[in-house]
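Heads up: the structure comes next, in structure tokens.
The values are calculated or read from the model by the stated rules, or taken from the named source; none is laboratory data. For clarity, every value in this text was computed on a predicted model and none was experimentally measured. We place every Cβ from the backbone using ideal geometry, glycine too, and count neighbours over all the protein chains shown. These accessible areas exclude ligands, DNA and RNA; they are computed on the full protein's heavy atoms, side chains included. Shrake-Rupley method; radii C 1.70, N 1.55, O 1.52, S 1.80 Å.
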Amino acid sequence: YNLKHVTDNTTHLQRSRRAILWSYVRPHRKTLAFALVLGLGASAVNLANPLATRWVLDSLSAAELNLVPPLAALTSLMILGALLHWWQAITLGSLAETIVYDARSSMIHRYLTGKVLPLTNRPAGELTTRVTSDSVLLREASSASLVELIDGTIMLIGSLILMAVLDPILVLTTAITIGIVAGIFIRMTPAIARAEQQGQDALGVLGGQLQATLRAIKTVKAAGAQGRQETKLLDLATESRKQGIIAVRRRALTGATAMTGVQIALMIILSAGAWRVALGDMTVSTLVAFLLYALGIVGPIEQISGSITRLQSGMAAAGRIQELEDIDFERTHADAAASTSESGDTIVEFDQVTARYAPGGAPILDGVSLAVPRAGYTAIVGPSGAGKTTMLSAMLDFIQPEHGEIRLNGTPYPGLAPDEIRAHFAYVEQETPTLPGTLRDNLTLANPSATPEDIDTVLKTVRLDEHVATLPHGLDTELTDTNVSGGQRQRIALARALLAKPDILLLDEVTAQLDGISEGAIHDAITDYATRHAVVTVAHRLSTVVDADNIAVMQAGRIIAQGTHHQLLTDNPLYQQLVAALSLDK
């Protein structure tokens, strides 16, 4: 039963992967069919070449020596075959690149329009490997291999038919040998697919670990942990190499098996053919033509074995790419029929919201209720792991409630598209990442139409104007780790948010890496912004929120108290502990 179960699962997996592979090919089936026609034409020309060669040999032994017609025919066939092969190669090469582009664009689209939580649960390096490495394996399998498999099969069958016409006895031996080799080959190909899958999985893990290590390279070096990290990465590289070698050995074994069978067949053909010529049952020209066909089947057999191997690799890559289907797309405008408009004093409201990062996991938000006024400064404080940053993620619709409701201007989130929700927000993350590109690109990410005057004003507000003046190309300087510090990246992120002019400014510990002077200036700018719009900040340094209009104290996913700094300092023991731990001036 267990063996049957495993076999059924393997068969189902192979069919599923073939279906995935075909899904990439289907939109281009007309181009693929045209390439197949070109291949069939080239195969027909190749099949005619031995007959033309026999014509040349027969003309040499004829009473009247006239080589012009057979040589002209043979030359024309060679030129025509070369042209057909050239045209087919261009067609298939272009098709392969198009299919790779389609796969990559599909994955990139899913990454950028998929739900955030499933994306962040996967290593970034592994996701990158799907777009780069896996799509390359898909290239040949989804275009040339399919055509080559059909071409090679037709060429093999055609050769055997014409060989049968020339000498039925010799072709029977050839067919039996090829049949035995084909049976062995078919039994061996699933192992190649498994090895390719495991090799790509190992490569994906290596990519994720390497990217994480490079991102934290300063920490690694400062801790003197280069050797340990190198050992871990090399262990992963060793596993990838091991699986790659297994795949190479299996491909080599299948290729060697195929070639050995062909060589045995050629030896039998040559020996039996010579014997039949000696008996007078076959002419020399017929034997030469037969041998040309026999030698010609080497190419189709290599073509078939190579295409099947590449198809196995491509199906393994297609299977890994298919795993991305688990990343659901976010709601679209078509899905969200409602709209929002300003009404009342509350802009965002949590109503008994419960949320989890994984089904069955502990709730990260547990019955949270919070009203964010249209203008004012709201702070969220609490110990690490209390759910503070998750509150901001929920506001941005990065995580959806399991129970309860979040409303924007009175409209429940499920009735709004994520883009419509996020258009009201600007978000400064705790890690404050910068994107590849210039300083100007980073500043205007959320507001590409920002004027030079707006940019200058914001740079002065966050105290970046003097630093920009020192950059070699000013705002058009490419950002690197060497020309901006952690505190400057934090201020760039805040400047980007302020340039967006949002209705709600979300700040996740925005002053964590700032000096006292810069912190004071930014705190004043945030307080001023809160007089006209909503500001919600997550704070670990309570000095940034002592003058907030409302402070929500969180513990274990719940809001246990709300009020001003002085109210909470009097009434809430947890807030008192937080204040005391930070030696905050009361």
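Matching residues to (1) modelled with pLDDT under 90; (2) open to solvent by less than 50 Å² (accessible area, probe 1.4 Å):
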| site | (1), (2) |
| --- | --- |
| Tyr377 | no, yes |
| Ile380 | no, yes |
| Ser384 | yes, no |
| His403 | no, no |
| Asn409 | no, yes |
| Asp419 | yes, no |
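Using the structure shown, decide if Ser518 is open to solvent by less than 20 Å² (accessible area, probe 1.4 Å) and more than 20 Å from Ser369 (Cα to Cα). So Ser518 fits the description; yes. Here Ala358 meets the list (1) more than 24 Å from Thr113 (Cβ to Cβ); (2) free of Cβ contacts under 8 Å to residues at least 40 places away in the same chain; (3) surrounded by fewer than 16 Cβ atoms within 10 Å (Cβ to Cβ) almost entirely, failing just condition (1). Answer yes if at least one residue in region 85-101 is of a type in the set (Ser, Thr, Tyr), within 30 Å of Gln209 (Cα to Cα) and part of a helix (DSSP H, G or I), and no otherwise. For region 85-101, residues of a type in the set (Ser, Thr, Tyr), within 30 Å of Gln209 (Cα to Cα) and part of a helix (DSSP H, G or I): present. For region 109-126, the count of residues that are open to solvent by 70 Å² or more (accessible area, probe 1.4 Å) and within 21 Å of Arg26 (Cα to Cα) is at least one. Considering only region 233-250, state which residues are over 17 Å from Gly204 (Cβ atoms), at pLDDT below 80 and open to solvent by less than 80 Å² (accessible area, probe 1.4 Å). The one that is over 17 Å from Gly204 (Cβ atoms), at pLDDT below 80 and open to solvent by less than 80 Å² (accessible area, probe 1.4 Å): Val248. For first residues located in region 488-512 and on the phi > 0 side of the Ramachandran plot, partners that are open to solvent by less than 10 Å² (accessible area, probe 1.4 Å) and among the aromatic types (Phe, Trp, Tyr) and lie 6+ apart or on another chain with Cβ distances below 9 Å do not occur.
Annotation: Gly415 fulfils all but one of (1) open to solvent by 10 Å² or more (accessible area, probe 1.4 Å); (2) in contact (Cβ under 8 Å) with a residue 60 or more places away in the chain; (3) within 26 Å of His540 (Cα to Cα); the unmet one is (3). For region 344-363, a residue qualifies if it is farther than 21 Å from Asn409 by Cβ and not in a strand (DSSP E or B), and the qualifying residues are Arg356, Tyr357, Ala358, Pro359, Gly360, Gly361, Ala362, Pro363. When Ala495, Ala530, Ala539 are checked against the criterion of being buried (at least 18 other Cβ atoms within 10 Å of the Cβ), in contact with a Leu (Cβ under 9 Å, 6 or more places away or on another chain) and under 26 Å from Pro363 (Cα atoms), a single residue qualifies: Ala539. Here the helices (runs of 4 or more DSSP H) wholly within region 434-489 that include at least 2 residues being more than 25 Å from Gly520 (Cβ to Cβ) are 439-443.
Just one residue in the set Val171, Val147 is surrounded by 16 or more Cβ atoms within 10 Å (Cβ to Cβ), more than 29 Å from Ile246 (Cβ to Cβ) and modelled with pLDDT under 80; that residue is Val171.
Restricting region 458-489 to residues that are at pLDDT 85 or above and polar (S, T, N, Q), which is least open to solvent (accessible area, probe 1.4 Å)? Out of the qualifying residues, it is Thr477.
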